[in-house]
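Asks: So that we are looking at the same thing, I have put the structure below in structure tokens.
The values are calculated or read from the model by the stated rules, or taken from the named source; none is laboratory data. These numbers come from a predicted model, not from an experiment. Heads up, the Cβs are rebuilt from the backbone with ideal geometry, glycines too, and the neighbour counts pull from every protein chain shown.
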Amino acid sequence: MSKWHVFVALVLVFNVLMGVVLVWTNNFMWDSINAEIEYTPLPPSMVGDVNQMVYSISYSGFTVTVSSRLFVNGEYTPSPLLYPLIIPNYPYILFWVCMLGNLGFIALALVLRNKESRLKP
């Protein structure tokens, strides 16, 4: 088995693993967001007066923040009543890991190619 076969196998394994982990982390992130939205209880003092719970989902690179406000008697509350949920944005982080990993593989391929070309007469 040549170095190129090992190299190609390594690249394939890396990319398949990163793809599986990327799908898993995406599901984890959205399950966390949905759980926050579906299972956030209302404060006991507000149960009868609340018309609607309004959620805000904001992305800021490495984190996703889910916060909520109450819509009471036709007006939004000025600030979130419940603590915001801050979730690491794992798919975004893994995207950069995949990009850097593949750039590393490209650099390694160029080094291996140069070494092999120097050895041939």
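Asks: Take the residues in the stretch 66-83 that are closer than 16 Å to A35 by Cβ and surrounded by 14 or more Cβ atoms within 10 Å (Cβ to Cβ), then tell me which one is modelled with the highest pLDDT.
Replies: V66
Asks: Counting just the residues of the stretch 1-33 that are at pLDDT below 85 and of a type in the set (G, A, S), which one comes out farthest from P84 (Cα to Cα)?
Replies: Looking at the filtered set, the residue picked out is S2.
Asks: Condition test on L103, is it modelled with pLDDT of 90 or more, within 24 Å of L17 (Cα to Cα) and exposed (fewer than 14 other Cβ atoms within 10 Å of the Cβ)?
Replies: Against the criterion (modelled with pLDDT of 90 or more, within 24 Å of L17 (Cα to Cα) and exposed (fewer than 14 other Cβ atoms within 10 Å of the Cβ)), L103 qualifies.
Asks: Please work out which one of (1) modelled with pLDDT of 70 or more; (2) farther than 29 Å from N15 by Cβ; (3) assigned to a helix (DSSP H, G or I) is the condition C98 fails and give its number.
Replies: It is condition (2) that C98 fails.
Asks: One residue is enough: does the stretch 34-50 have a residue meeting the conditions in a strand (DSSP E or B), touching a Leu at 6+ places or on another chain (Cβ under 7 Å) and modelled with pLDDT under 80?
Replies: For the stretch 34-50, residues in a strand (DSSP E or B), touching a Leu at 6+ places or on another chain (Cβ under 7 Å) and modelled with pLDDT under 80: present.
Asks: So G61 ticks every box in (1) within 30 Å of V11 (Cβ to Cβ); (2) at pLDDT 85 or above but one. Which box is left unticked?
Replies: For G61, the failing item is (2).
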